[in-house]
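Written out below as structure tokens is the structure these notes cover.
The values are calculated or read from the model by the stated rules, or taken from the named source; none is laboratory data. Everything quoted here is computed from the prediction, not taken from an experiment. When we count neighbours, we look across all protein chains shown, and the Cβ atoms used for this are built from the backbone with ideal geometry, even at glycine. Each accessible area value is taken on the protein alone, full model and side chains, heavy atoms only, with ligands, DNA and RNA left out. Shrake-Rupley method; radii C 1.70, N 1.55, O 1.52, S 1.80 Å.
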Amino acid sequence: MEKIVLRDEFIKLGQALKAAGLVESGVEAKEMITEGYVKVNGKVEIQRGKKLYDGDLVEFDGNQIQIAKQ
């Protein structure tokens, strides 16, 4: 499981996928999210600007990303 440590209060979903290295670009992140391939806390999420906070769990392509504070 990949872990992303928040520098601010939140990170946007598209940015999280890119930061975790699961997509190569913002355009690819947008496509994967809007096509329904990404889940946040077990639910399909289609908003790439969805704000993720401490404790959120993202699932994409068999990978998990845990969002955490420092």
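Which members of the stretch 46-62 meet the condition of being without any contact (Cβ under 8 Å) to a residue 40 or more places away in the chain and either touching a Phe, Trp or Tyr at 6+ places or on another chain (Cβ under 6 Å) or surrounded by 15 or more Cβ atoms within 10 Å (Cβ to Cβ) (or both)? 48, 50, 56, 59, listed by residue number. Residue under question is residue 3, and the condition is that it be touching a residue at least 24 places away in the same chain (Cβ under 8 Å), open to solvent by 50 Å² or more (accessible area, probe 1.4 Å) and more than 10 Å from the chain's Cα centre (by Cα); does it hold? Criteria met by residue 3.
Is it true that residue 36 is surrounded by fewer than 10 Cβ atoms within 10 Å (Cβ to Cβ), out of contact with any Pro (no Cβ under 8 Å at 6 or more places or on another chain) and more than 14 Å from residue 54 (Cα to Cα)?
Answer is no for this residue.
For the stretch 6-31, the set of residues classified as surrounded by 19 or more Cβ atoms within 10 Å (Cβ to Cβ) and without any contact (Cβ under 8 Å) to a residue 40 or more places away in the chain consists of 14, 23, 29, listed by residue number. Given the criteria under 16 Å from residue 57 (Cα atoms), exposed (fewer than 12 other Cβ atoms within 10 Å of the Cβ) and without any contact (Cβ under 8 Å) to a residue 60 or more places away in the chain, does residue 43 qualify? So residue 43 passes the test.
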